Amino acid sequence: MTSLRRAIHAGIAGFPILACVAAASLLLLLYIGWSEVSRVQPRFQFEKLAAQSELLASAMDPHVQAGLPLEQFAGFDTIARSILESDETIEGILVLDRTGRQVFAVGPADLAAIPADSARRTRQPDTIDARRGAGHLQVARPLHNRFETVGEIIVSMPESRLRADIDRAFAPLLPLAVLLATAFPFACAILARRWSVTPARLRQAVLAAFFCAMAAAVMATMIQLYADGVQAKARALGASLGHRLASLIELGLTTADVTGLDQTFAEYRRNNPDIAAAALVVDGIAVIHSDPGQAGQPWRDQRWSFEHGRAIDPLGHSRAFVVLPADAVWSQLLRGIRSFAALFVASALLAAVFLQLAASARGGRETPPARDGTAAASVIHPVFFAAVFIEHMIYPFLPGILQSIVQEAGLGGHAVSLLFMSYFLMFALSLMPASALTARLGARPVMLAGAAAILASFVLLALAQERLALVLAARLAAGLGQGFIFIAVQQALLSQAGIGQKAAAASVIVTGFQGGMISGVAIGSLLVVYLGPAGVIHIALAIAAGLALLIFVRFPRPAMAAPATIRRRGTWRDLGTILTDADFLKAMLAAGIPAKMVMTGCIVFALPIMLGSAGFAQDDIGQIIMLYALGVLLCTGPAARLCDRLGRPKPVVLAGGVLSALGLVALAASIMYGINGGDGASIAMAGAALASFATGIAHGCINAPIVSHVASGSLAARIGEARVTASYRLLERIGHIAGPLVAGQALMLSGTTGAALLWIAAGLAILTLLFSTPERNARPVPVAA
């Protein structure tokens, strides 16, 4: 009892910080799930509305194709009202002629069609146009006679109804998030009395468990909403088929009186490829079936499928059945939640950073300086992650902003690329001065200067309002600030890393960059839908201000002062010395720069073009590229630890080079296979995803170990690790710039069939073979105990 009382007191003592961290993590996950459903769910509703429009179109098409005027169709009111009665989410149905004049209407008097030129449009199968705007979701189904389009059917539902359904489904999850956040400090305190683990690892384990529990609840809610949307489509398709057959019953006919019904059912299934079967069942016998082999057989409930039956006679002896296979339903569900998985990874990375910030805050300013790279990462990682995160938050819409500004200024298209490159140019130019300043002043002043420059860049971007000069100044300031923070973080980690810990310290930079990039792009893409570019920029500005405050509070000068053993040499003279060292040049030209060229040229630039030409959907392309970043993130830490255990980073870098070439070959094969289409599309998608992930793993074996490799060479012993690593970071930017140029030329010569990747893979294999040759001036690297 006393132990429990102590645990409760400990939980109360740590409640403010730990509860806030847990609440921020869990509420972020909840918001991401809600937002993703709000983005995806309209697609299911459009499919349902399209099926309802076909119900009316099936009655109007014979009338229109006979050449009769729309105004003379007599059954609109009956059919339209029956649709509204069967689906309470539909608010109204309109029929317009070719001029847009309203011919028929059922629903609110002020209901109007969304103009096609002002709506957010999504093309649906069979020429149905889906429109979203003015608070409505609408589908427009054209009506054709033998020669031309004579009008269209508009089926509309209020977007507020969709949001209300989503809010109602997610409402129970908000108390769950609050309950878990409240319980988090007490769970940590209680388990600390039972488990002999460090407090940091315990908090990570408990938060991970709570985070996964919340994710499971969010995922279950998403699946239920998606399943409801898919089954609503099945009900609409069943109603459409049933209505066609009910008209025969109303005329006093039976199925035996009408010929060609079996062909009608087969055609109905062909027009709706998601349907597994369509059948007319009379007294338990499938008298007509879309599969001729099943006609005349007793009707059995379809296991592992979703089916909907509609009575077509008053006594219910005859029913029309539509069956959707479970695999088709689950494929749509998995497609919907696949995007959430990427956002889940982003929120998990943010949650880990929140926890590190909490540990830093609880430690106070008296936290002793870290003794090795891994310990330093607990303080430095949140700073670097936040800097990269806020930069990448604006990437989803930054090219569009730059393009509009350039067009407003009346400049040519090349000005957009130059404006975009200004950030990378200033980033590269800032590395050497930042290295010299860090050697003289220590990491803290340089970090503060970098954070101030980043803050200034977002202030300028928020004030720009289409002014080219301010936007250019903002991008230059952002590149300067990111370069300063990058070098200061790198030097702080490497200077405090113990013997055999260089690769682990360098891996913090790689994991921080990849994690910040994944989270920034994913969260930025989500927020811009609801807040617009200006809202995201203001949020980034607030985070930048918090970053500057964090550095000022948590990086006292004594803890982060630069080592006194660093020699002061002329920056450019060092660069001249470095470029004459054969071993450094080999590492840079045969391993470091090629990896950056593959990332920017193949993965970021060429791969989306080739995947798009092979028929991959845009969201699939984004997820394939994100798998590359995830592979880098997951592999960097283990690869760095393996380097430290081996005492030689070179074998790990070599393995990364070989795997990178194989990954490009696999990507090329997937693209070539996907171009064939058909049944190979899913295989091509899986192959491209695995190949992209493997390429990311390969670069995880290169990015941090190659820095450790150059920092462990004889050149570093002569002029200092800080100078060598800063020079390497500067020179590897050549790969970022040259990658798109090389990939672009390869695309021009080989086309978008994937052959360009094969040529690049062959060159990469040759360079890897060159890197495998022995160094001229190798020095042994001590292995960590």
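The values are calculated or read from the model by the stated rules, or taken from the named source; none is laboratory data. None of these values were measured; they are calculated from a predicted model. Reconstructed Cβ throughout: ideal geometry from the backbone, glycine too, with neighbour counts over all protein chains shown. Ligands, DNA and RNA are excluded from the accessible area calculation, which covers all protein heavy atoms including side chains. Shrake-Rupley method; radii C 1.70, N 1.55, O 1.52, S 1.80 Å.
A few remarks follow.
- Of everything in region 615-648 that is open to solvent by less than 10 Å² (accessible area, probe 1.4 Å) and farther than 14 Å from LEU690 by Cα, the residue that is modelled with the highest pLDDT is ALA639.
- From SER404, SER435, SER417, SER422, residue being modelled with pLDDT under 75 and either assigned by TED's automatic domain parsing to the domain that holds ILE523 or surrounded by fewer than 17 Cβ atoms within 10 Å (Cβ to Cβ) (or both): SER417
- In region 20-126, counting only strands (runs of 3 or more DSSP E) that sit wholly within it, the ones holding 1 or more residues that are surrounded by 18 or more Cβ atoms within 10 Å (Cβ to Cβ) span 92-97, 102-106.
- Scanning region 536-573 for residues that are within 10 Å of ARG444 (Cα to Cα), at pLDDT below 50 and out of contact with any Lys or Arg (no Cβ under 7 Å at 6 or more places or on another chain) returns PRO558, ALA559, ALA561, ALA562.
Here is a yes/no grid of residues against (1) buried (at least 19 other Cβ atoms within 10 Å of the Cβ); (2) part of a helix (DSSP H, G or I); (3) modelled with pLDDT of 70 or more:
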site: LEU207; (1), (2), (3): yes, yes, yes
site: PHE210; (1), (2), (3): yes, yes, yes
site: ALA215; (1), (2), (3): yes, yes, yes
site: ILE223; (1), (2), (3): no, yes, yes
site: ALA239; (1), (2), (3): yes, yes, no
site: GLY242; (1), (2), (3): yes, yes, no
site: LEU245; (1), (2), (3): yes, yes, no
site: LEU280; (1), (2), (3): yes, no, yes
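- Cβ-Cβ under 7 Å pairs, at least 6 apart or on other chains, region 663-680 side among the β-branched types (Val, Ile, Thr), far side open to solvent by less than 60 Å² (accessible area, probe 1.4 Å) and at pLDDT below 85: ILE671/MET610; ILE671/LEU611; ILE671/ALA614; ILE671/GLY754; ILE675/ALA614
- Sub-6 Å Cβ pairs linking a first residue in region 475-503 that is in the same structural domain as ILE401 (by TED's automatic domain parsing) and crowded, with 23+ Cβ neighbours inside 10 Å to a second residue that is modelled with pLDDT of 90 or more and hydroxyl-bearing (Ser, Thr, Tyr), at least 6 apart or interchain, are ALA478/SER457, ordered by first then second residue.
- Filtered residue count, region 504-518, keeping only those that are closer than 13 Å to PRO382 by Cα, touching a Leu at 6+ places or on another chain (Cβ under 7 Å) and at pLDDT 80 or above: 1
- Verdict on ALA140 being assigned to a strand (DSSP E or B), at pLDDT 85 or above and open to solvent by 30 Å² or more (accessible area, probe 1.4 Å): no
- Residue match in region 722-735 (condition: surrounded by fewer than 24 Cβ atoms within 10 Å (Cβ to Cβ) and within 23 Å of ALA614 (Cβ to Cβ)): no
- When the criteria are applied in full, ILE190 fails the requirement of being part of a strand (DSSP E or B) and either in contact with a helix residue (DSSP H, G or I) (Cβ under 8 Å, 6 or more places away or on another chain) or open to solvent by 60 Å² or more (accessible area, probe 1.4 Å) (or both).
- Selection status of ALA10, open to solvent by 10 Å² or more (accessible area, probe 1.4 Å), outside any loop (DSSP other than H, G, I, E, B), at pLDDT 85 or above and of a type in the set (Gly, Ala, Ser): no
- Test result for SER714, in contact with a helix residue (DSSP H, G or I) (Cβ under 6 Å, 6 or more places away or on another chain) and assigned by TED's automatic domain parsing to the domain that holds SER670: no
- Applying the set (1) farther than 30 Å from PHE104 by Cβ; (2) open to solvent by less than 60 Å² (accessible area, probe 1.4 Å) to LEU162 leaves exactly one unmet item: (1).
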